[in-house]
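Quick notes on the structure that follows.
Every number in this text was worked out from the coordinates using simple rules, so none of it is lab data. Fair warning: this is a prediction, and the values are worked out from it, not measured in the lab. Note that each Cβ is placed from the backbone with ideal geometry, even for glycine, and that neighbours are counted across all protein chains shown.
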Amino acid sequence: MRRRGRECALQILYQMDVSGSLSAEKTLTQEDLEGALSAYWSSFETVKPKVREFSERLVKGVSEHLTQLDDAISGQSKNWKVSRMDRVDLNLLRLAAYEIIYCPDIPKAAAINEALEIAKRFSEDDAASFINGILDNLNG
């Protein structure tokens with residue numbers, strides 16, 4: 001259930017990022033957030049309520065703490081600026097970093113492991129090692 005929730009959250013965050021509504025330079029309004037969630041869920045109406053609830057918790061948390069998350073990721077990333085990172089990888093890092101920093105009810109190892117498994121599904125072959133290095137440093 002949580003893996004599916006994370007995958008949905010990643011897709012929503014990615015959609016918001018490429019559309020320009022998820023940006024450190026732009027203040028995300030509640031209307032923008034609700035619009036992005038509504039647009040996504042209209043395409044996936046059969047998602048279980050618990051999955052949807054978990055996804056929305058993650059998306060709202062990442063959106064609320066975006067600047068702090070990007071700063072934390074940037075601080076652990078050697079030779080890679082956040083602006084140069086692959087959008088899927090960056091949003092997966094944001095998601096896992098949010099769980100590590102702001103969700104004491106989620107084991108940090110679980111957040112990292114889930115991010116790596118999701119990276120294998122949604123990103124390039126070498127993304128998992130890149131993501132693992134940043135999250136390990138962030139967790140450490």
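What's the center-to-center distance, using Cα atoms, between region 70-93 and region 100-140 in Å?
Spelled out, the Cα-based centre of one part sits 12 Å from the other.
Given (i) -0.40, -0.76, -1.31; (ii) -0.45, -0.71, -1.04; (iii) -0.35, -0.67, -1.24 as candidate values of log10 I(q)/I(0) by the Debye sum over Cα atoms at q = 0.11, 0.15, 0.20 Å⁻¹, which corresponds to the one derived from the coordinates?
Computed from the coordinates, log10 I(q)/I(0) by the Debye sum over Cα atoms at q = 0.11, 0.15, 0.20 Å⁻¹ corresponds to (iii).
Using helices alone, what [θ] at 222 nm do you get for the chain, with -39,500 (n - 2.57) per DSSP H run of 4 or more residues, divided over all residues and rounded to the nearest 500?
Working: 7 runs with 103 residues, N = 140.
Rounded to the nearest 500, it is -24000 deg cm²/dmol.
What is the sum of charges around Gly20, taking Lys and Arg as +1, Asp and Glu as -1, for the other residues whose C-beta is under 11 Å from the C-beta of Gly20?
Values: positive: Lys26; negative: Asp17, Glu25, Asp32.
After counting each charged neighbour, the total is -2.
Counting alpha carbon pairs within less than 8 Å and at least 6 residues apart, what relative contact order, in whole percent, applies to region 2-139? Please list the in-between numbers first.
Values: 122 pairs, mean separation 36.4, N = 138.
Here the relative contact order equals 26 percent.
At R0 = 22 Å, how high is the FRET efficiency between Lys60 and Trp80 if r is their beta carbon distance? Nearest 0.05 is fine. Don't skip to the answer; put the middle values down first.
Details: r = 26 Å, r/R0 = 1.20.
The calculated FRET efficiency here is 0.25.
Counting pairs on different chains as well as pairs 8 or more places apart, how many Lys pairs in region 2-139 have Cα atoms under 27 Å apart?
Value for region 2-139: 17.
Quickly rank 4-14, 46-56, 22-32 as a protection proxy: mean count of other C-beta atoms within 10 Å, highest first.
Values: 4-14: 21.9, 46-56: 15.0, 22-32: 12.5.
Peptide ranking by packing, descending: 4-14, 46-56, 22-32.
Among 71-81, 95-105, how do they line up from the highest to the lowest mean number of other beta-carbon atoms within 10 Å?
Working: 71-81: 14.4, 95-105: 19.8.
Ranked from most to least packed, the peptides come out as 95-105, 71-81.
Please work out whether region 67-123 counts as rounded, prolate or oblate from its C-alpha gyration tensor, where a ≥ b ≥ c are the square roots of the eigenvalues and a/c under 1.5 means rounded, while otherwise a/b larger than b/c means prolate and anything else oblate? If you can, show how the numbers build up before the last one.
Values: a/c = 2.23, a/b = 1.22, b/c = 1.83.
Oblate, since a/c reaches 1.5 and b/c is not below a/b.
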